[in-house]
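Notes for the one structure printed next.
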Amino acid sequence: MSQRFHEKVVIVTGAAGGIGLAAARSFAAEGARVVLADRDVDGVERAAVAIVAEGGIASAVEVDITDFASCERMVVHAVSTYGALHIAFNNAGIPSGISPSFEDITVDEWQRVIGTNLSGTFYCMKAETPALKAAGGGAIVNTASVMSLIAAPGMSSYVASKHAVAGLTKATALDLVPYGIRVNAVCPGFIETPMLAPVVADEGVRRQIEGSAPAKRLGQPQEVADAVLFLASDSADYIVGALLSVDGGVAVL
Ligand SMILES: NC(=O)c1ccc[n+]([C@@H]2O[C@H](COP(=O)([O-])OP(=O)(O)OC[C@H]3O[C@@H](n4cnc5c(N)ncnc54)[C@H](O)[C@@H]3O)[C@@H](O)[C@H]2O)c1
């Protein structure tokens, strides 16, 4: 196993499961000191114990990304535990429901989805930036979505939130590149995680989703994690403000 992240300190939000957990394990396997952050504190504590048992370096912290002070505490945890912050993978997010019509989308749902996926990502980046600057630079990878690039009916709040994460990624990339901080995003398609589980529990829906992707299958969390590690690595040194699709070809249909 290569050690691209030897002694790098990495925060991963949404690390209790799915894409975040796969990325946290991969960063740890490649030598990073990983802070697993999630509102599911039991989940990240279990995951950190498992990573340490596998020989990695990891700790867990509770975060609610909709609360800026909580994001600041997450960064303080990373810096006080491991001495610095070099890489942040801002991945925590929530789905919206699929509404039969636009009028069925409630104001509460709009605020919940935008508040988590967009404002939460912004709060994380704002809290992380001073520590990344203090380390002399680093990398931020955000989790956007195929829904950052295309749309689907009945999902206005989710689609808007993820289009906005793409815009936030590009604009912030310009603001932070002078400080040696590269900002990029991954755009996952349909990935087999706990978030997608209720949707694909119906075999018919699963087959329909698989059939709609040019690759004719769902993606796996590890396939997104591999793209995240690439964007965070020195091999991506000239990649700034990019949106990297990991979607089996859905966005180019
Ligand atoms: N699975 C997919 O098909 C898919 C596709 C495109 C984008 N995404 C995005 O990938 C990211 C990860 O999702 P996943 O599929 O691994 O799902 P997941 O539900 O397994 O992981 C999301 C994690 O985020 C955490 N979280 C949610 N709100 C939080 C908050 N306010 N504060 C802290 N933690 C919070 C959850 O507890 C959970 O552990 C999300 O941003 C999601 O929108 C997923």
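The values are calculated or read from the model by the stated rules, or taken from the named source; none is laboratory data. All values reported here derive from a predicted model rather than from experimental measurement. Here the Cβ positions follow ideal geometry from the backbone for every residue, glycine too, while neighbour counts run over all protein chains shown. Calculation scope for accessible area: heavy atoms of the full protein, side chains included, ligands and nucleic acids excluded. Shrake-Rupley method; radii C 1.70, N 1.55, O 1.52, S 1.80 Å.
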Of those in region 3-58 that are among the polar types (S, T, N, Q) and under 27 Å from Leu218 (Cβ atoms), the residue nearest to the ligand (Cβ to nearest atom) is Thr13
Restricting attention to region 214-250, the residues that are within 18 Å of Pro95 (Cβ to Cβ) and small (Gly, Ala, Ser) number exactly 1
Looking across region 19-32 at residues that are in contact with a strand residue (DSSP E or B) (Cβ under 9 Å, 6 or more places away or on another chain) and not in a helix (DSSP H, G or I), the single one that is surrounded by the fewest Cβ atoms within 10 Å (Cβ to Cβ) is Gly31
Only one of Thr129, Thr66, Thr121 is within 12 Å of the ligand (Cβ to nearest atom) and closer than 25 Å to Phe230 by Cβ, namely Thr121
Here, helices (runs of 4 or more DSSP H) confined to region 190-245 with at least 3 residues that are within 17 Å of Val12 (Cα to Cα) and open to solvent by 40 Å² or more (accessible area, probe 1.4 Å) are 221-232
Across region 172-189, the tally of residues that are under 21 Å from the mean Cα position of the chain (by Cα), surrounded by 12 or more Cβ atoms within 10 Å (Cβ to Cβ), in contact (Cβ under 8 Å) with a residue 12 or more places away in the chain and in a helix (DSSP H, G or I) stands at 4
Scanning region 115-145 residue by residue, those surrounded by fewer than 23 Cβ atoms within 10 Å (Cβ to Cβ) and more than 15 Å from the chain's Cα centre (by Cα) turn out to be Gly115, Lys126, Thr129, Pro130, Ala131, Lys133, Ala134, Ala135, Gly136, Gly137
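Would you mind finding the one in Val10, Val35 that is under 16 Å from Asp226 (Cα atoms), at pLDDT 95 or above, part of a strand (DSSP E or B) and among the hydrophobic types (A, V, I, L, M, F, W, C)?
Answer to the check: Val10.
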Output for Cβ contacts, cut-off 6 Å, separation at least six or different chains, first residue within 14 Å of Gly138 (Cβ to Cβ) and modelled with pLDDT under 95 in region 224-241, second buried (at least 17 other Cβ atoms within 10 Å of the Cβ) and aromatic (Phe, Trp, Tyr), reads none
Residue hits (region 42-59; within 17 Å of the chain's Cα centre (by Cα) and closer than 18 Å to Thr81 by Cβ) are Val44, Ala47
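The rows are residues; the columns are (1) touching a Lys or Arg at 6+ places or on another chain (Cβ under 7 Å); (2) within 15 Å of the ligand (Cβ to nearest atom); (3) within 30 Å of Gly43 (Cα to Cα).
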residue: Ala151; (1), (2), (3): no, yes, no
residue: Val159; (1), (2), (3): no, yes, yes
residue: Leu168; (1), (2), (3): no, yes, yes
residue: Thr172; (1), (2), (3): no, no, no
residue: Asp175; (1), (2), (3): no, no, no
residue: Tyr179; (1), (2), (3): yes, no, no
residue: Pro188; (1), (2), (3): no, yes, yes
residue: Leu196; (1), (2), (3): no, yes, yes
